[in-house]
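None of the figures in this text is laboratory data; all of them are computed from the coordinates on show. Everything quoted here is computed from the prediction, not taken from an experiment. FYI the Cβ positions are ideal-geometry reconstructions off the backbone, even for glycines, and counts take in every protein chain you see.
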Amino acid sequence: MTNELNPSKRLLMGPGPSDVHPRVLRAMTTPLLGHLDPEFLTLMNETKDLLKVVYQTENKLTIPMSGTGSAGMETVFVNLVEPGDKVIVGVNGLFGERMVDVAERCGAEVIQVTAPWGEIIEPASIEEALLQNPGTKLVAVVHAETSTGVMQPLKELSDIVHKHDALIVCDMVTAIGGIPTEIDKNEIDAAYSGTQKCLSAPPGLAPVTFNDRALKVIFNRKTKVQSWYLDLSMIQNYWNDERFYHHTAPITNVYSLREALRVIVEEGLENVFARHKQYGVALHAGLEAMGLKLLVKKEHRLFQLTSVLIPEGIDDVAVRKQLLSKYGLEIGGGLGALKGKVWRVGLMGYNATQTNVTQFLAALEDVLREQGYESEPGAGLRAANNTIKEQVTV
Ligand SMILES: *Cc1c(COP(=O)(O)O)cnc(C)c1O
């Protein structure tokens, strides 16, 4: 016999999944309803309405797809792209690279606009690519690049893309619930996200949103969407008033998402964003006071995900292992071009608290000292607390 499930206590401060809010965990123990039960249909409508609030959009087609954030990425590309379409992808990290792969699998002719990992995609370089590639259908960028910690500014980019009659598509997996997404204000035509980052729900759903401009493109397709499971023309008939069965909705995940969104709306979106900023800034100050360097320059830093450069001579894996074994604290390593070069620290959703900043800085100081890295004792905590004091008006 195997033992009853009893995993060790963890604090998930990596790039995702992040800790699930206790109210969300409770919602997940609620008995199932059938996927066509009138009561469940009400819960679906409430979930859609809450999603619109958190995505900051009026888009009618705003629904959670079954699957993790990557299913959201596939949904956007398989529904908008047809073979031979020209697609420009901004690549400044792993998730841009992944969008290239997905778009190519849809038969797109992909034009990559690259920037070094840790920097933003300059709107001017997208404009240049649009000028060189007339007839481009779609431009895709990552709003919150979790592999680097970069926040991509969107408004100027969106204006440029629309001037060239293309659609702008955004990966908002780590953005949603952490920084303003402003789908309508930024005129983002389609976006996808995930539940396991700043929404503080478990992985399993991928909220997507499409505006009328994007819907028109889908409506005018000449070819069938190559994925049966992710074909929005069918799935929207389950999520709208038709309620046609397509596949069985993951009921428990819908419960969890609804509760996670309720938690955010209750706190207030502006307060949620301010909290991420407050503790993100505190973490940055703490790390820098310990003599550590951050990958991303200040004006482009995310608050919910921070990449810190691993100091010379310090063993990447040993530090992460020790944080986990001694403190039950998980952070992420670097991916791709940044493997072995950075640690990635998440302060996502429910986890963006002063307690977690304090706990992490103290644990890191201890573990780094054991690895031979010296910093002034307590300097990180002091600096972090000072920024919090400055920001809080009592
Ligand atoms: C996590 C993440 C994804 C992929 O989401 P999964 O839930 O792992 O499928 C895509 N894009 C970004 C920016 C992410 O952070």
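Which value, in Å to one decimal place, does the Kirkwood hydrodynamic radius take for segment 243-394 when every pair of different Cα atoms is included?
Result for segment 243-394 stands at 17.0 Å.
Which residues does the label zone of Gln354 cover in segment 257-299, counting backbone N under 18 Å from a point 7 Å along Cα→Cβ?
Inside the label zone: 271-287.
Need the C-alpha centroid separation for segment 1-56 versus segment 274-334, integer Å.
28 Å
Once label points are set 7 Å from the Cα along Cα→Cβ at both Asp165 and Glu288, what is their separation, rounded to one decimal in nm?
It works out to 4.6 nm between the two label points.
Taking the Cβ-Cβ separation of Trp228 and Thr30 as r and a Förster radius of 35 Å, what is the calculated FRET efficiency to the nearest 0.05?
0.70
With only alpha-carbon atoms counted, please give the Rg and Dmax of segment 322-361, in Å.
Here Rg and the maximum Cα pair distance are 11.5, 32 Å.
Shape of segment 119-195 from its Cα gyration tensor (a ≥ b ≥ c, root eigenvalues): rounded if a/c is under 1.5, otherwise prolate when a/b > b/c, or oblate?
prolate
What's the extension gain from Arg10 to Ala337 if we count 0.36 nm per residue and subtract their Cα-Cα distance?
That pair, Arg10 and Ala337, stretches by 114.9 nm at full extension.
Within segment 236-295, list the trypsin sites (Lys or Arg not before Pro) lying in a DSSP loop whose Cβ has at most 16 other Cβ atoms in a 10 Å radius.
Arg243, Lys293
Show me the ranking of peptides 306-315, 217-226, 247-256 by mean Cβ neighbours inside 10 Å, starting with the highest.
Ranked from most to least packed, the peptides come out as 247-256, 306-315, 217-226.
With the dipole of segment 22-266 worked out from charges on the C-beta (+1 for Lys and Arg, -1 for Asp and Glu) around the Cα centre, which of Val161, Leu205, Ile218 lies farthest toward the positive end?
So the residue furthest toward the plus end is Leu205.
Can you give the calculated 222 nm mean residue ellipticity of the chain, where each DSSP H run of n ≥ 4 adds -39,500 (n - 2.57) and the sum is split over every residue, rounded to the nearest 500 deg cm²/dmol?
The per-residue figure over the chain is -13000 deg cm²/dmol.
Take the Cα coordinates of segment 36-153, assign each an equal point scatterer, and use the Debye formula without solvent to give log10 I(q)/I(0) at q = 0.10 Å⁻¹.
These q points yield log10 I(q)/I(0) values of -0.38.
Could you tell me which of the pairs Lys297/Lys389; Lys137/Lys224; Lys163/Lys297; Lys155/Lys293 are separated by over 19 angstrom between their Cα atoms in the structure shown?
Over 19 Å apart, Cα to Cα: Lys297/Lys389; Lys163/Lys297; Lys155/Lys293.
Sticking to Cα atoms, compute the Rg of the chain to one decimal and its Dmax as the biggest Cα-Cα distance, whole number, in Å.
Spelled out, the Cα radius of gyration and Dmax of the chain are 21.3, 65 Å.
What does DSSP give for segment 22-266 in terms of the percent of beta bridges that are antiparallel, rounded to the nearest 5?
Around 40 percent antiparallel, to the nearest 5.
Place the peptides 331-343, 196-208, 62-74 in order of packing, highest mean first, counting for every residue the other Cβ atoms within 10 Å and averaging per peptide.
The peptides rank, most packed first, as 196-208, 62-74, 331-343.
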